[in-house]
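The values are calculated or read from the model by the stated rules, or taken from the named source; none is laboratory data. Everything numeric in this text was worked out from a predicted model, so none of it was measured. As a convention, Cβ positions derive from the backbone with ideal geometry for all residues, glycine included, and neighbour counts pool all protein chains shown.
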Amino acid sequence: MFSRRRFIEMLGISAAGFGLIGVAGCGGDAGGDGRGGSSGAAGSGGALADSLVYGQGAEPRSLDPAYYDDGESAKIACNIYDGLYCYGAKDAKVAPALAEALPEISDDGLVYTIKLKKGIKFHDGTDFNAEAVKKSIERQLAPNADSDMPYATFVYGEESIGTGVEKVEAPDDATVKITLRAPSTPFLKNLAMSIAAPIVSPAAVEKATGGNIGEAPCGTGPYKFVKWTKSDSITLEANPDYWGDAPKTKNVVFKFILENNTRVTSLLNGECDVIDGIDLSSTTTITDGGYDLFAEDGMTLNYMAFNTESGKCVDRDVRRAIAQAINVSEIVQAVYGKYATVANSVMPTWMASYDKDIKQTAFDADAAKKTLKDKGITELNCITYSNPRPYNAKGGQVLAETIQGYLEKVGVKLNITTYDWTTYKNKVATDPFDVCFYGWQGDNGDPDNFMNLLADSNWSMNVSRFNDADYRALIAKGLETPDGEERDEIYRRCEQMVADEQIWLLISHAQNLCGVSPKVKDFYYHPTGAVFLKDVSKQA
């Protein structure tokens, strides 16, 4: 387990000031010791294979950074695109990518002047320059942004509430100036994210139907898109003109294997070289078969969300009673074992704003049964997802069925409807339900990245549909406040509100688990959920 001190160091936060820590460039080892993980045992000698096959538990929603908000999409897209900034190879320290250096930030914190690397081409042969950056960001700002861009306001702010990007300027080909409406402490971290922040080819966007390049992605990254075979796989090939170190493997294939046991079998029989979404029951099978198990802490949260807008859970007392009916620690031990810990906070425990004294609702089946009977609650409708997620390797259906048993003991029937992940992402934003299962894979290691979810107006992000003016005001203040005790206290207050209002039933923080062939070298599953494969090789 990571210590709190070590993870703070990983995030590049120090008294030296925001974003000013020296870091290694992207693609090098910028920190992290890999403790608890395995990168495979491929030797340094011998021929290398031309292809690497990665098995994941669901098909991506899109490969256009403006149009996806899920890890299944991001882990593929991060190999196709670059952003202005990136994280270290094993941590969340911010380093230049397409930018030449860290930005020059004005004294009032509003203007970011960014110098760009020169001579870089998009995969379609067009030039990467300041105008391309300007267009890539502006397509996600009002009035250009559309409702299908889930992370636009998360990364770039929202005009209607006075946050985020006011304008983007390109004074010359190698300079970008981004002006904010208000200071934003996590903004630089946001620019390194693998969702919304990667820079796309303006020419590709102009050619695409509706300006959406989700099935024809075009970036500057180490790999180029080749084909997408629906319900089966996506194939990438090495970019021969990549501006950084050349990829070590010529071809990468991402296979979509929804069923956990089938995915494990695909590793053991050589169909896949790496698989993710491993659950507790498969770990011994993998290691006994002579394969490596990558197991390392991530930035995840697994939870059950209550619909606070409509249905039977708009009553806070009902939400609390449902939470009382469920023995979370028992579930975590039975379902996830040693590869997850009980979540007693939204934020990971290593964050400076974490408060161990904030208490979640305790298990009390008798009290739950009485309250639910008094409130006339005998039935609840639940929607969930079928496939594994970074925060829940067992998948949402298994978790829902486990909780179904607890609710049955207090006289409540839980009706469960399960969807594949792509369909589910739409259902949580549009359909009626009382409870749903969801989670979060942290993007940048900032407390805002966790707590801002419940201030989002996009219901595919804020699945509880929580709408509280006081909470949103705290989030807005946290964005502007510099790192330090004052900012930490703001997020502690947010955390207390979430607990008091019982918006979510917090379940677990998970380790990232992957099965890796012993032929594979230098594989690492990033704490942000990205899978950077440029430096991964496989022995032939």
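I'd like to check something: does segment 403-418 contain any residue that is free of Cβ contacts under 8 Å to residues at least 12 places away in the same chain and either more than 27 Å from Glu259 (Cβ to Cβ) or surrounded by fewer than 24 Cβ atoms within 10 Å (Cβ to Cβ) (or both)? Working first, answer last.
If we filter segment 403-418 for residues that are free of Cβ contacts under 8 Å to residues at least 12 places away in the same chain, which is where we start, we get 405, 408.
Keeping just the survivors that are either more than 27 Å from Glu259 (Cβ to Cβ) or surrounded by fewer than 24 Cβ atoms within 10 Å (Cβ to Cβ) (or both) gives 405, 408.
Yes, because at least one residue in segment 403-418 is free of Cβ contacts under 8 Å to residues at least 12 places away in the same chain and either more than 27 Å from Glu259 (Cβ to Cβ) or surrounded by fewer than 24 Cβ atoms within 10 Å (Cβ to Cβ) (or both).
Can you run down the residue pairs with Cβ atoms below 6 Å, 6 or more apart or on separate chains, where the first is in segment 488-511 and closer than 21 Å to Asp297 by Cβ and the partner is of a type in the set (Asp, Glu) and part of a helix (DSSP H, G or I)?
none
So, of the residues in segment 309-321 that are assigned to a loop (DSSP other than H, G, I, E, B) and hydrophobic (A, V, I, L, M, F, W, C), which turns out to be nearest to Lys369 (Cα to Cα)?
Initial filter on segment 309-321 (assigned to a loop (DSSP other than H, G, I, E, B)): 309-315.
Adding the requirement that they be hydrophobic (A, V, I, L, M, F, W, C) leaves 313-314.
Details: Cys313: 15, Val314: 18 Å.
Across segment 309-321, the extreme among qualifying residues is Cys313.
Return the residues of segment 263-282 that are assigned to a strand (DSSP E or B) and within 16 Å of Ser537 (Cα to Cα); say none if nothing qualifies.
Going residue by residue through segment 263-282, those that are assigned to a strand (DSSP E or B) are 274-276.
Result: Val274, Ile275.
Kindly list the number of the only condition in (1) in a loop (DSSP other than H, G, I, E, B); (2) touching a strand residue (DSSP E or B) at 6+ places or on another chain (Cβ under 9 Å); (3) more than 24 Å from Ile278 (Cβ to Cβ) that fails for Pro518.
(3)
If a residue must be closer than 15 Å to Ala89 by Cα and within 21 Å of the chain's Cα centre (by Cα), how many such residues does segment 484-540 contain?
Initially, segment 484-540 is screened for residues closer than 15 Å to Ala89 by Cα, giving 521-536.
Applying the additional criterion that residues be within 21 Å of the chain's Cα centre (by Cα) yields 523-534.
Summing the residues that are closer than 15 Å to Ala89 by Cα and within 21 Å of the chain's Cα centre (by Cα) in segment 484-540 gives 12.
What are the residues in segment 356-377 that are assigned to a loop (DSSP other than H, G, I, E, B) and free of Cβ contacts under 8 Å to residues at least 24 places away in the same chain, if any? Please lay out each step first, then the result.
So the first thing to find is which residues in segment 356-377 are assigned to a loop (DSSP other than H, G, I, E, B), and the list is 356-364, 375-377.
Listed by number, the residues that qualify are Lys356, Asp357, Gly376.
Being crowded, with 21+ Cβ neighbours inside 10 Å and farther than 14 Å from Ile403 by Cα is true for just one of Ser310, Ser345. Which residue is that? Spell out the reasoning first.
On the way: Ser310 fails: crowded, with 21+ Cβ neighbours inside 10 Å.
So the residue among Ser310, Ser345 that is crowded, with 21+ Cβ neighbours inside 10 Å and farther than 14 Å from Ile403 by Cα is Ser345.
Could you please give the count of residues in segment 284-308 that are at pLDDT 95 or above and part of a loop (DSSP other than H, G, I, E, B)?
Adding up the residues that qualify gives 5.
Residue check: is Gly445 assigned to a strand (DSSP E or B) and within 22 Å of the chain's Cα centre (by Cα)? Outline the logic, then answer.
On the way: assigned to a strand (DSSP E or B): no; within 22 Å of the chain's Cα centre (by Cα): yes.
Spelling it out, it is not the case that Gly445 is assigned to a strand (DSSP E or B) and within 22 Å of the chain's Cα centre (by Cα).
Report, by residue number, each residue of segment 378-407 that is assigned to a helix (DSSP H, G or I) and under 18 Å from Gly298 (Cβ atoms). Explain how you work it out, then say what you get.
So the first thing to find is which residues in segment 378-407 are assigned to a helix (DSSP H, G or I), and the list is 396-407.
Once the filter is applied, which keeps residues that are assigned to a helix (DSSP H, G or I) and under 18 Å from Gly298 (Cβ atoms), segment 378-407 yields Gly396, Leu399.
Do we find that Ser460 is in contact with a Ser or Thr (Cβ under 6 Å, 6 or more places away or on another chain) and among the polar types (S, T, N, Q) in this structure?
Details: in contact with a Ser or Thr (Cβ under 6 Å, 6 or more places away or on another chain): no; among the polar types (S, T, N, Q): yes.
No, not satisfied.
For segment 253-276, what are the residues that are closer than 23 Å to Trp421 by Cα, over 21 Å from the mean Cα position of the chain (by Cα) and surrounded by 23 or more Cβ atoms within 10 Å (Cβ to Cβ)?
Passing the criteria: Arg263, Val264, Leu267, Cys272.
If Asn239 satisfies all but one of (1) of a type in the set (S, T, N, Q); (2) out of contact with any Asp or Glu (no Cβ under 8 Å at 6 or more places or on another chain); (3) surrounded by fewer than 21 Cβ atoms within 10 Å (Cβ to Cβ), what's the number of the condition it fails?
It is condition (3) that Asn239 fails.
What are the pairs, 6+ residues apart or on separate chains, where a residue within segment 300-322 that is closer than 14 Å to Ala365 by Cα has its Cβ under 8 Å from a residue that is among the β-branched types (Val, Ile, Thr) and in a strand (DSSP E or B)?
Ile322/Val435
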